[in-house]
Amino acid sequence: MTIHKSKAFWIAGSIFTLTFAVLFIIRLGILERILSHPRTLSIESINAVSERDTWMNIFQNERKIGFSHTRFYTDTTGYGLTEAVYMRINTMGMIQDINLNTKSRLNADFTLQELDFEISSSRFHFTVRGTVVGNTLHVTTESAGSSRSLDIPIKDKPYLLNGIMDAIAATDLKPGDKYVFNIFDPGTMGQAAVIAEVIGEELVDIRGFNQLATKISLNFKGASQLAWIGKEGDILKEKGILGISLIKTDRKDALDGLAVKSSQDLTKIASVASNITLENVEALGVLKVKIQGISSKNVKLQGGRQSYKEQVLTVQKERLSNLADELKPENLAALEKIFLKPGPFIQSDHQKIRALAQEILKDDPDATPLTQAEKLLNWVHTHIEKRPVLSLPDALSTLEHRVGDCNEHAVLLAALGRAAGIPTRIEAGLVYLKGRFYYHAWNLMYLGQWVTADSLFGQLPADVSHLRFTTGSPKQQLDLMGVIGRVQLTVIQ
């Protein structure tokens, strides 16, 4: 298969983690050391809290790119928390406005009762509504005019990312204290642990005035975040990766002075320089790179066409021989069966997705899995306009709007593959272009053995400059948060 002629422009650096996660990086953090038994928050440790109405400017390297407005108030069963975030983001030279709105009810210990979350950007709109009942989170999602309900088992009481700081501020903050919060992320429908550590008191400059605040470190999935809490329990400042920071202000200042310019191009900032220029990448059979700056424990470097030893990653392009003549569900292993199932963002059981898969494959019902995969990939490659999108990528919205970057291509191909009986998962990592490696997402399809597929570039198998860091489903891409801004690459063969 040949690469699409516009690869140079449509290199999809705006993968899910780089775009959506950056919007919430102000709430997250990195775990690089062994922590000494962080505590969970108990109701007994919570002091009386006051209601607040907070406006914050959002900056990237001192350039204002948006604002947030948060209301925290008490109600009959605990607390209410609403947050509106507006940002103007630059990805791949295209400027887009994005709005995120969260309305939630919290228990007296700040854990989640109910959630109403929505994200909108351009033509894309995605909502998540959830209610916690016992050990289950009942969730309903809606996109492209279609809704889906699912029950998510929860091991521990879930928190929201934007409620953690309120929970911390309600406790007696002592240097060295550590707390663990199991958060629910509506962007991935998953749970993960955030560790908060109290650093100590520090003067912080807020709009030209020094204020005494307690400095907090938040640690999550390898991404770092600092926050400063004032004496009244209000958040004065937050600082994360890629130069993103928030500073407390008033309503007038937050709403005034929104820059016409957007953020700096996030795709370029997060990309990784190569030590050499790679020519004709598609023709390469093997690529070896030395990886430094990150822990291999936090990413999936070993397995499949990749091998990793002593900081050297070797990628070997798959051969399309000895593949299966057909795939029978009863003969699939447990792992392959997992990636035949639908998901919140991969709606492979929806009638529109199933009908499209049948339409694409109808002319050759006896085609091999490889031929079927090629036809599905070619359809996505041809019919989806290649343009950066800032939203939660899901297959139905992509099919309806026929536009998207690598995320949208990957979720749609995953849905079509699963609808056609081909186990398909999503991988994410880096891909090479003109002297740099950019963050990117693609697919892995089971055709008797797992084979990489990139519908944005029209490649099956994908070229060897696709360096996988995560594999599975969209929620696994959160593991990239500990990689962005840290990884260093040296091409050695």
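Numbers for the structure displayed
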read-out: Inter-probe distance in nm under a simple model that places probes 7 Å from Cα toward Cβ, at Asp97 and Glu310; value: 5.6 nm
read-out: DSSP-assigned coil residues among trypsin sites (Lys or Arg not before Pro) in segment 409-446, each with at most 16 further Cβ atoms within 10 Å; value: Lys434
read-out: Potential lengthening between His138 and Asp364 on full extension [0.36 nm per residue; Cα-Cα distance subtracted]; value: 77.3 nm
read-out: Spacing of the two label points (7 Å from each Cα toward its C-beta) at Ser149 and Asp75, in nm; value: 2.1 nm
read-out: Set of aspartates and glutamates with alpha-carbon distance to Lys178 below 12 Å, sequence-local pairs under 8 removed; value: Glu197
read-out: Computed over segment 273-374, the ratio Rg/Rh where both radii use C-alpha atoms and Rh is Kirkwood; value: 1.06
read-out: Ordering of 227-234, 241-248 by packing [mean C-beta count within 10 Å, highest first]; value: 241-248, 227-234
read-out: Pair-distance profile P(r), taking every C-alpha pair of segment 265-313, with 10 angstrom steps and integer %; value: 18, 44, 36, 2
read-out: Rg [Å, one decimal], Dmax [Å, integer] - segment 411-493, C-alpha atoms; value: 13.3, 40
read-out: Gain in span if fully extended, Glu51 to Asp116, counting 0.36 nm per residue against the direct Cα distance; value: 21.4 nm
read-out: For peptides 268-275, 63-70, 466-473, sequence by mean Cβ density within 10 Å, most packed first; value: 466-473, 63-70, 268-275
read-out: Lys252-Arg63 FRET efficiency (beta carbon distance; Förster radius 22 Å; 0.05 resolution); value: 0.65
read-out: Centroid-to-centroid separation of segment 70-127 and segment 344-380 [C-alpha atoms, Å]; value: 35 Å
read-out: For segment 307-464, fraction of C-alpha pairs farther apart than 27 Å, in %; value: 21 percent
read-out: Thr131 versus Lys268: modelled label distance in nm, points set 7 Å from Cα along the beta carbon direction; value: 4.9 nm
read-out: Extended-chain gain in nm, criterion 0.36 nm per residue less alpha-carbon gap, Arg402 and Asn322; value: 25.4 nm
read-out: Anchor Lys237: lysines whose Cα lies under 17 Å away (excluding residues fewer than 8 positions away in-chain); value: Lys64, Lys215, Lys248
read-out: Too-long pairs where the Cα-Cα distance tops 23 Å, listed order kept, from Lys157/Lys337; Lys290/Lys337; Lys352/Lys375; Lys341/Lys375; Lys290/Lys434; Lys337/Lys386; value: Lys157/Lys337; Lys290/Lys337; Lys337/Lys386
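Read-outs throughout are calculated quantities, based only on the coordinates presented, and are distinct from any laboratory measurement. Every value quoted in this text rests on a predicted model; they were computed, and no experiment measured them. Note that each Cβ is placed from the backbone with ideal geometry, even for glycine, and that neighbours are counted across all protein chains shown.
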